[in-house]
Amino acid sequence: MSPTAHLVEIFSAIQGEGPYVGERQIFLRLGGCDLRCRFCDSPHTWRPSTHARVEQTPGERDFQQVANPVTGSQILAWLQRQFQGGRHQAISITGGEPLLQADFLAAWLPVITAQIPLPIYLETGGHRPQELAQVLPWVQVIAMDYKLPSVSGETHHQAHQAFLAQAVAAGVETFVKMVVDRRTQEGELATALAMIRAIAPETLVILQPVTPRAASLAPTPAQVLHWQQLAQDYLPRVRVIPQTHPLLGQL
Ligand code: SF4
């Protein structure tokens with residue numbers, strides 16, 4: 001029997017993070033996450049839910065409730081409807097942590113990519129290298145997080161190291177995103193940057209100042225300038241890009 005998936009939502013929106021900011025993408029958001037980042041903007045995805053929502057018309061937010069778990073055939077049909085109804089530049093697979101459902105993705109990404117001619121953009125916490133191996137052949141871009149412990153409350157340096165090494169060895173375009181806030185420890189930043197330089201010095205690193213919310217501590221302008229300069233001491237490709245979808249009122 002084909003594996004099923006715990007879905008959160010499918011919708012069409014504007015990518016709000018990283019170097020592909022501004023692209024129109026179809027978002028496939030899967031449920032469940034094994035991390036608890038302090039800055040998480042989607043805690044509703046942490047536990048698989050009984051229901052998901054699926055947009056009927058790209059960008060219209062005319063969601064239909066569906067029961068979880070869902071089948072691969074259902075997801076394929078919903079993605080095809082999005083693809084046929086609008087102009088998109090990629091399918092973003094996000095969460096939660098989408099690699100918790102690597103068995104499902106490994107079974108269905110070959111079918112989805114054969115039917116829908118869009119690149120697969122994987123947004124992940126970057127801490128599950130074994131699961132990454134299951135899906136790598138069907139992924140064109142990996143948006144990988146490095147969770148700085150002082151900011152996220154999560155510590156996964158070795159897993160991030162193995163993850164990046166695997167992605168680079170497979171030749172898949174991979175960039176590393178680090179959320180920074182006022183508490184960012186410079187030593188942690190340096191450790192992460194040295195690791196990235198040792199594996200693939202051409203890697204693009206995105207420093208993403210945390211989006212100001214009730215519990216988040218936005219970095220000062222001086223901190224951001226300083227950390228970018230620090231990062232440039234390690235790597236040539238460093239950009240500072242905040243989340244833009246909250247500014248645009250996007251999902
Ligand atoms: S990995 Fe992503 S979804 Fe999970 S807690 Fe962290 S920010 Fe939230």
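The values are calculated or read from the model by the stated rules, or taken from the named source; none is laboratory data. Small disclaimer: the values here were computed from a predicted structure and weren't measured. Cβ placement follows ideal geometry from the backbone for every residue including glycine, while neighbour counts extend to all protein chains displayed. When the accessible area is computed, the model is the full protein with side chains, heavy atoms only, and any ligands, DNA or RNA have been set aside. Shrake-Rupley method; radii C 1.70, N 1.55, O 1.52, S 1.80 Å.
Can you give the FRET efficiency to the nearest 0.05 for Q80 and I241, using r as the Cβ-Cβ distance and R₀ = 30 Å?
Working: r = 31 Å, r/R0 = 1.04.
Efficiency, rounded to the nearest 0.05: 0.45.
Going by amide H atoms built from the backbone, whose H comes under 5 Å of the H on F63, apart from near neighbours?
Q56
Using amide H atoms built in the peptide plane, which far-off residues or other-chain residues are under 5 Å from V180 H to H?
Q208, V210
Of V139, V240, M195, which is farthest towards the positive pole of the range 115-251's charge dipole, taken about the Cα centre with +1 and -1 on the beta-carbons of Lys, Arg and Asp, Glu respectively?
V240
What residue among T50, T203, T94 has the largest mean-square fluctuation in a Gaussian network model of the chain, using Cα springs under 10 Å?
The residue that fluctuates most here is T50.
Expressed as cubic angstrom per residue, what is the convex hull volume of the alpha carbon set of the chain?
On the way: hull volume 29.3 nm³, N = 251.
In the chain, the Cα hull volume divided by residue count equals 117 Å³.
Compute the angle between helix 186-199 and the longest alpha-carbon principal axis of the chain, please, reported from 0 to 90 degrees and rounded to the nearest 10.
Helix 186-199 and the main axis of the chain meet at about 70 degrees.
Using only Cα atoms and rounding to the nearest 10 degrees, what angle (0 to 90) does helix 157-169 make with the longest principal axis of the chain?
70 degrees
Carbon-plus-sulfur fraction of the accessible area of the range 131-226, 1.4 Å probe, in percent? Could the numbers behind the result be given before it?
Working: 2230 of 3870 Å².
That share works out to 57 percent.
Using a probe of 1.4 angstrom, how much of the accessible area of the range 23-64 is carbon and sulfur, in percent?
On the way: 970 of 2040 Å².
Carbon plus sulfur share of accessible area: 47 percent.
Before I look further, what does the range 40-99 give for accessible area per residue, probe 1.4 Å, in whole square angstrom? Mind dumping the intermediate values first?
Values: 2890 Å² over 60 residues.
So the range 40-99 comes to 48 Å² accessible per residue, rounded to a whole number.
Under a plain spin-label model, where a point goes 7 Å from the Cα along Cα-to-Cβ, how far apart in nm are Q228 and T57?
Reported label-point gap for Q228 and T57 is 4.1 nm.
For the chain, modelled as a GNM with alpha-carbon contacts under 10 angstrom, which of P221, P117, P69 fluctuates the most?
Most flexible of the set in this elastic network: P221.
Obtain the nm distance between the two label points defined at S42 and E173 by a simple spin-label model: each point lies 7 Å from its Cα along the Cα-to-C-beta direction.
2.0 nm
Using Cα atoms only, what is the angle between the long axis of helix 221-234 and the major principal axis of the chain, expressed in degrees (0 to 90) to the nearest 10?
So the inclination is approximately 90 degrees.
For C40, what accessible surface area do you get with a 1.4 Å probe? Give it in Å², rounded to 10.
Looks like 40 Å² after rounding.
Only loop residues by DSSP count here, and only those with at most 15 other Cβ atoms within 10 Å; note down the trypsin sites (Lys or Arg not before Pro) in the range 1-55 that meet that.
On the way: sites: R24, R29, R36, R38, R53; in loops: R36, R38.
Counting only loop positions with at most 15 other Cβ atoms within 10 Å, the trypsin sites (Lys or Arg not before Pro) in the range 1-55 are R36.
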